Amino acid sequence: MGLFSVDYQNVPGQCVYAQGGLKFRADEKALKQYFTPILSYVSLSDLIGEAVFWKILPTNLAVYIFPFILHYKGILFAIITAVVVFLIAEIYHLFFYNRLLNYLVFFLGNPLPELILYAVFLVIFILSGSLEPWQ
């Protein structure tokens, strides 16, 4: 079991559901046939785990850039920028894979770093007086 390893549920003849909700259109048997050349080096649960974390890359980018843009440029620009970055990352990650970047997503995809980032920006917004109209 590797770092990216996740539990998955096989529905024979239909699909594989990975922990986190990602659905593969092939069942475990078909995935094992397709990935036979590399399964001696990496387990199927590791490959599925890497796919799960790679899939959340666009969402993570949008979540992490939003408070920075919000603080410096305002709400409308922050929303537009987050959506544009999400769409660009969504297209990019369909064509390219970077394992080093996936390690970063593995760390940043957890709720704790996101919670810390948003808590820090909440304090920044309160101290700068940016939340006064909301009170």
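Considering only region 11-22, I want to know if a residue exists there that is of a type in the set (S, T, N, Q) and within 25 Å of LEU100 (Cβ to Cβ). Taking every residue of region 11-22 in turn, at least one turns out to be of a type in the set (S, T, N, Q) and within 25 Å of LEU100 (Cβ to Cβ).
Remark: VAL63 falls outside the filter, which requires a residue to be β-branched (Val, Ile, Thr) and not assigned by TED's automatic domain parsing to the domain that holds ASN110. Assess whether THR36 counts as being loosely packed, with under 13 Cβ neighbours inside 10 Å, out of contact with any Gly (no Cβ under 8 Å at 6 or more places or on another chain) and of a type outside the set (Phe, Trp, Tyr). So THR36 passes the test. Every condition in (1) modelled with pLDDT under 90; (2) of a type in the set (Phe, Trp, Tyr); (3) under 30 Å from VAL6 (Cα atoms) is met by PHE86 except one, and the failing one is (1).
All of (1) over 11 Å from the mean Cα position of the chain (by Cα); (2) in the same structural domain as ARG99 (by TED's automatic domain parsing) hold for VAL42 with one exception: (2). Scanning region 71-91 for residues that are more than 21 Å from the chain's Cα centre (by Cα) and surrounded by 12 or more Cβ atoms within 10 Å (Cβ to Cβ) returns HIS71, LYS73, PHE77. Does any residue of region 4-14 turn out to be acidic (Asp, Glu), surrounded by 11 or more Cβ atoms within 10 Å (Cβ to Cβ) and in a helix (DSSP H, G or I)? So far as region 4-14 goes, no, none of its residues is acidic (Asp, Glu), surrounded by 11 or more Cβ atoms within 10 Å (Cβ to Cβ) and in a helix (DSSP H, G or I). Based on what the data block shows, is LEU39 among the hydrophobic types (A, V, I, L, M, F, W, C) and within 29 Å of ILE116 (Cα to Cα)? The answer is no for LEU39.
The values are calculated or read from the model by the stated rules, or taken from the named source; none is laboratory data. On a predicted model such as this, the values are computed, not experimentally measured, just so you know. So basically every Cβ, Gly included, is an ideal-geometry build from the backbone, and we count neighbours across all protein chains shown.
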